[in-house]
Amino acid sequence: MNGSADTVNVELLYDYPRLEEKLIMERLKRYDMRVMMTNVNNRPLQLGEKASDISLIRTISMYKAIYAAAVRESGGTYTVNNSETILLCGDKILTLSRIKKVGLNIPRSVVAMGKESAEAAQKSFKKPFVDKPPIGSWGRLVTLISDPIVWRSILEHREMLSSQQLRVHILQDYIEGEGRDIRAIVVGENVLGAIYRVSTAGEWRSNIALGSKPAYKKMDPELKEAIIKAAEVVNGAFVSVDLLEGDGTYYVNEVNGVPEFKGFMEATGIDVADEVAKFVRSEVRK
Amino acid sequence: MVKLICPLCSSTVEIPDDALDGELFEHDACGAQVEVYVEEGKKKLRLAEGISEDWGE
Ligand SMILES: [Zn+2]
């Protein structure tokens with residue numbers, strides 16, 4: 001990046017703008033950066049074109065995020081996050097594999113590429129266990145299996161889906177986290193904080209999109225180390241890390257490359273968009 | 001607020017002035033998920049596509 005005193009040009013690439021994108025846009029402007037909003041659904045992206053000093057990738061669609069980042073990188077633009085980070089985070093098999101490789105705790109996980117192998121894999125699990133596909137979010141197709149009849153119908157339903165990825169299973173030990181998981185947000189090298197996402201009654205999954213209530217979680221050294229390491233593994237500049245807590249251990253479960261932070265803001269009072277804007281400014285000036 | 005026509009129930013939907021191209025709203029009156037788009041500089045509404053398998057964070 002050049003260190004000139006000229007205006008910093010930031011591109012925010014999106015498809016469906018959420019509160020998060022609007023807040024980031026507003027904070028960037030507050031720091032006198034020029035913001036260009038690019039709706040990837042109607043604006044073509046030319047390979048090799050340099051559109052801005054820095055491009056923030058904020059599409060809801062994971063594949064559009066990976067492609068938008070890759071195209072911007074082809075023009076030499078610094079991207080947050082970069083395409084590799086978004087790819088690694090977007091596919092839970094890739095994320096968990098990387099995380100396991102560096103020695104962080106994950107819930108015991110087995111990948112099964114189809115119905116037959118999923119049936120075989122299931123035999124190594126004490127019930128209940130979690131079954132989910134490698135892609136997707138907000139708890140879609142994530143099931144807690146405690147009943148052989150439910151398991152059979154899950155296997156059959158997933159076989160019928162046309163997407164190759166949605167026919168792949170990740171089977172995981174169910175970590176009984178008192179119906180809550182932990183979400184932390186990392187910007188640059190800073191862990192901004194962490195929250196509990198407490199699931200609503202009758203719902204074992206703790207995604208905010210499913211109505212979970214966010215609550216402040218106190219940071220401790222072990223938690224912080226796991227969060228920083230998980231963000232490092234995917235080379236994330238602005239990511240969220242989801243962890244489960246059980247038997248006095250933290251298990252890293254997911255890293256998100258286009259993090260949502262509405263619930264986190266509500267529970268912590270931390271202005272995530274402002275932290276992102278400050279980070280963008282400092283990166284461009286490097 | 002801008003008054004636009006709901007593509008599902010054809011009644012009026014109020015959309016904030018600063019709504020962005022691509023922004024999604026739910027029309028309380030009929031429950032439709034609508035998407036703002038811009039045509040010839042004017043904001044319009046169309047029915048939003050459903051959630052795709054790769055949507056999320
Ligand atoms: Zn309507």
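Readers should treat all values here as calculations from the given coordinates under stated rules, not as data from a laboratory. Nothing here was measured: the structure is a model prediction, and the numbers come from that model.
Reported to the nearest whole Å, the Cα centre-to-centre distance from segment A:254-273 to segment A:12-55 is 19. With one equal scatterer per alpha carbon and no solvent term, the Debye-computed log10 I(q)/I(0) for segment A:97-255 at 0.15 1/Å reads -0.84. Candidate cross-link partners of B:Lys3 among the lysines, defined by an alpha-carbon separation under 25 Å and a same-chain spacing of 8 or more, comprise A:Lys22, B:Lys42, B:Lys43, B:Lys44. Rounded to the nearest whole Hz, the Karplus-based 3J(HN,Hα) values (6.51 cos²θ - 1.76 cosθ + 1.60, θ = phi - 60°) of segment A:108-117 follow the sequence 3, 10, 10, 9, 10, 7, x, 4, 4, 5, with x at glycine and proline. Close amide H pairs (under 5 Å, H built 1.01 Å from N) link A:Ile135 with A:Lys92, residues at least 5 positions away or on another chain. GNM remark for chain A: springs join alpha carbons under 10 Å apart, and the peak mean-square fluctuation among A:Glu73, A:Glu116, A:Glu232 falls on A:Glu116. Subtracting the Cα-Cα distance of A:Ala209 and A:Lys229 from their residue separation scaled by 0.36 nm leaves 4.6 nm. For segment A:109-173, the ratio of Cα radius of gyration to the globular rule of thumb 2.2 N^0.38 Å stands at 0.98. With respect to chain A, whose longest principal axis is taken over its alpha-carbon atoms, helix A:272-285 is tilted by about 50°. Across A:Ala121, A:Ala231, A:Ala65, mean-square fluctuation computed from a Gaussian network of chain A (C-alpha pairs under 10 Å connected) peaks at A:Ala121.
Relative intensity of chain A on a log10 scale, I(q)/I(0) at q = 0.17 Å⁻¹, equals -1.40, per a Debye sum over C-alpha point scatterers of equal strength in the absence of solvent. Note on segment A:205-255: Cα convex hull, mean projected area over all directions, 4.2 nm².
Once backbone amide H atoms are built at 1.01 Å from N, A:Glu254 has A:Asp242 as its partners under 5 Å, excluding neighbours fewer than 5 places away on the same chain. Taking θ as phi - 60° and the Karplus parameters 6.51, -1.76 and 1.60, the scalar couplings of segment A:135-147 work out to 10, x, 8, 6, x, 5, 6, 8, 10, 8, 9, 9, 9 Hz in sequence order, x denoting glycine and proline. Sequentially through segment A:92-105, phi angles give Karplus couplings (6.51, -1.76, 1.60; θ = phi - 60°) of 5, 5, 5, 4, 4, 4, 5, 5, 5, 4, 8, x, 6, 6 Hz, Gly and Pro residues having no value and appearing as x.
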